[in-house]
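Colleague: Take this structure first; my questions come after.
The values are calculated or read from the model by the stated rules, or taken from the named source; none is laboratory data. No experiment lies behind these values; they were computed from the predicted model shown. Glycine also receives a Cβ, built like all others from the backbone with ideal geometry; neighbour counts cover every protein chain displayed.
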Amino acid sequence: MASAGWMRRFLTKKGINVFEWGTCRKSNYLEIPNEPGVYALYWGPTLQYIGKSRYLRGRLIPWDNEGLYKTEIRIPFGSIAWFTLQKNQIQDAEVLLVQKYDPPYNEDYPYLSRKWRNL
């Protein structure tokens, strides 16, 4: 299981400055800051998806009803882990987390997947 605490420690070891982090149920969006960062969606203890956003709260609210904007994928999730970062570290943090934890719904993005990183 990839808990928020383990993810935070992993990012810190890789040189990513995590300013703030936390977890919440998907109905408690007001707990999430509207700052740049990365997020992880969980269904029970299982990590489903890792994403990034310049505005975390604004990005996560539509997930509840609409799924992904571009692909119309609906990912089942019940809780969220989030990490606020510097804007210039968001992409690196997302790639590092996806390569380490390989969530099932990130497989549509081969440039992030562990299977493709050595090509």
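Colleague: Taking region 50-80, which residues are at pLDDT 90 or above and buried (at least 20 other Cβ atoms within 10 Å of the Cβ)?
Modeller: Across region 50-80, the qualifying residues are Ile50, Gly51, Lys52, Leu56.
Colleague: Okay, next question. Is there any pair with a first residue in region 99-115 that is modelled with pLDDT under 55 and a second that is in a helix (DSSP H, G or I) whose Cβ atoms are under 6 Å apart and which are 6 or more apart or on different chains, and what are they?
Modeller: Leu112/Val95; Leu112/Val98; Leu112/Asn106; Arg114/Gln99
Colleague: Would you pick out the residues in region 1-38 that are modelled with pLDDT of 85 or more, of a type in the set (Gly, Ala, Ser) and over 9 Å from Trp82 (Cβ atoms)?
Modeller: Matches in region 1-38: Gly5, Gly15.
Colleague: Let me ask something else. Consider Leu41 carefully, then state whether it is at pLDDT 85 or above, among the aliphatic types (A, V, I, L, M) and surrounded by 11 or more Cβ atoms within 10 Å (Cβ to Cβ).
Modeller: Details: at pLDDT 85 or above: yes; among the aliphatic types (A, V, I, L, M): yes; surrounded by 11 or more Cβ atoms within 10 Å (Cβ to Cβ): yes.
Judged against the criteria, Leu41 is a match.
Colleague: Just to be sure before I move on: is Ile32 aliphatic (A, V, I, L, M) and more than 16 Å from Leu97 (Cα to Cα) in the structure I sent?
Modeller: yes
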